[in-house]
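Written below as structure tokens is the structure these notes are about.
The values are calculated or read from the model by the stated rules, or taken from the named source; none is laboratory data. Keep in mind the model is a prediction, meaning the values are calculated, not measured. Positions of Cβ are generated from backbone atoms using ideal geometry, with glycine treated the same way; all protein chains shown enter the neighbour counts.
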């Protein structure tokens, strides 16, 4: 089966964004990073652990009524580096994008060092420099190499 | 210097370090010549943790340059007790003073605070993070006694939480020192510091016993192992006891070994070491004044 057939398992969207080729099991973390929790009222479709030629298993997320910017999708590179982004208008794909690894991610991850100033009630967002094999807190220097999804900030 | 804020030793190049140390040497040679240098300057002192040496030497340094200090006092007597954020505190105090000195128990506090102020801010210790002015006075003491050429240094004690160690180790990469780290396994260098040293191309070796490397060392930098890092008192005593030195220990060292300690010491350096020619830790503490005078003078525009 082709990827196109798989996408049909959840309904097509008219306007919005399709995030495809998310590593299997990471769709809910993708939504968490993007701050999409369903409260806006727009339709959100999630398909998890679909067979994929490229990834073995993949997740797909479709967000109706919202076009994600490149900056928004780039943070997804931390947990879904193979993700592809399709911007949809009137049922047509008008733009395809790939996630690019950003130099810095801000307000996305929580520093695991409980003695880091960003974990306090201060007017500052967490900020991590993104390296080849991990991310590093720009305030306390703590390095996170493994299991980044566990450090996604709860809204 | 090109830095408005002094947050981490990592921002200091070899050139920056030499500039501060040369200026400190000029000041130490003729302190009177700098007495009126900053007569209209007020330095804001924000110490959220106890400090004796750092706070007193910054105070002395500012006064010896002709200026004065404004001290927040203890946390218990300040608005912090009412729940004021650090960001608010520094924004208020910058309006009273020309520069700020901050000590705070949390890592990253100085960097965050510096993002909220326009006056120069100096990190005087942020949790287990960095303590760059201690590093400058350590380097001054090392240069005076052992020099930077072909330097072999041993750094011993609590390498995990010791902020003076984290700052010093990074700065020593700028002079290409050979660094030996001696500690119990549970208190070895944190991953981030190790990563930075590796990136800087530093030659580092790690040991659990001082005996292995003592005869090679030009400088032995001893730090305190704190009881609160261990689950119980008996384990602390057993571990800490292995990292104490006395005059007898140093018989295996080079005659011109320099022994340093950021102080306060508890019992990691026995008092009989004080009487040997190796002991430089009081000289090191005294160097805090000319080095901090130099840094303040340069930050406040003394090089123009």
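So, of the residues in the range B:108-121 that are in contact with a helix residue (DSSP H, G or I) (Cβ under 7 Å, 6 or more places away or on another chain) and crowded, with 24+ Cβ neighbours inside 10 Å, which turns out to be nearest to the other protein chains (Cβ to nearest Cβ)? If we take residues in the range B:108-121 being in contact with a helix residue (DSSP H, G or I) (Cβ under 7 Å, 6 or more places away or on another chain) and crowded, with 24+ Cβ neighbours inside 10 Å, then B:108 is nearest to the other protein chains (Cβ to nearest Cβ).
Across the range B:129-161, the qualifying residues are those that are part of a strand (DSSP E or B) and in contact with a helix residue (DSSP H, G or I) (Cβ under 9 Å, 6 or more places away or on another chain), and the one among them that is farthest from the other protein chains (Cβ to nearest Cβ) is B:152. Against the list (1) touching a helix residue (DSSP H, G or I) at 6+ places or on another chain (Cβ under 6 Å); (2) within 11 Å of another protein chain (Cβ to nearest Cβ), the condition residue B:83 fails is (1).
Looking at the range A:3-93, the helices (runs of 4 or more DSSP H) lying wholly inside it that each contain 3 or more residues that are modelled with pLDDT of 90 or more and either buried (at least 20 other Cβ atoms within 10 Å of the Cβ) or in contact with a helix residue (DSSP H, G or I) (Cβ under 8 Å, 6 or more places away or on another chain) (or both) sit at A:27-34.
For the range B:214-226, a residue qualifies if it is surrounded by fewer than 19 Cβ atoms within 10 Å (Cβ to Cβ) and within 25 Å of residue B:137 (Cβ to Cβ), and the qualifying residues are B:216, B:226.
Determine if the range B:187-194 includes at least one residue that is in contact (Cβ under 8 Å) with a residue 60 or more places away in the chain, more than 14 Å from chain A (Cβ to nearest Cβ) and either over 23 Å from residue A:116 (Cβ atoms) or not in a loop (DSSP other than H, G, I, E, B) (or both). Checked against the condition, which is being in contact (Cβ under 8 Å) with a residue 60 or more places away in the chain, more than 14 Å from chain A (Cβ to nearest Cβ) and either over 23 Å from residue A:116 (Cβ atoms) or not in a loop (DSSP other than H, G, I, E, B) (or both), the range B:187-194 yields no hits at all.
To keep it simple, each residue is scored yes or no on (1) closer than 23 Å to residue B:108 by Cβ; (2) free of Cβ contacts under 8 Å to residues at least 12 places away in the same chain; (3) outside any helix (DSSP H, G or I).
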{"site": "B:23", "(1), (2), (3)": "no, no, no"}
{"site": "B:33", "(1), (2), (3)": "no, yes, no"}
{"site": "B:40", "(1), (2), (3)": "no, no, yes"}
{"site": "B:90", "(1), (2), (3)": "yes, no, no"}
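Checking every residue in the range A:140-147 against the condition of being surrounded by fewer than 17 Cβ atoms within 10 Å (Cβ to Cβ), under 18 Å from the mean Cα position of the chain (by Cα), within 14 Å of chain B (Cβ to nearest Cβ) and without any contact (Cβ under 8 Å) to a residue 24 or more places away in the chain gives at least one match. Close contacts from the range B:237-262, counting a first residue that is part of a helix (DSSP H, G or I) and a second that is surrounded by 11 or more Cβ atoms within 10 Å (Cβ to Cβ) and at pLDDT below 95, with Cβ to Cβ under 7 Å and a gap of 6+ residues or different chains, come to B:239/B:184; B:239/B:225; B:239/B:230; B:240/B:225.
For first residues located in the range B:146-166 and free of Cβ contacts under 8 Å to residues at least 60 places away in the same chain, partners that are assigned to a loop (DSSP other than H, G, I, E, B) and surrounded by fewer than 23 Cβ atoms within 10 Å (Cβ to Cβ) and lie 6+ apart or on another chain with Cβ distances below 6 Å form the pairs B:163/B:128.
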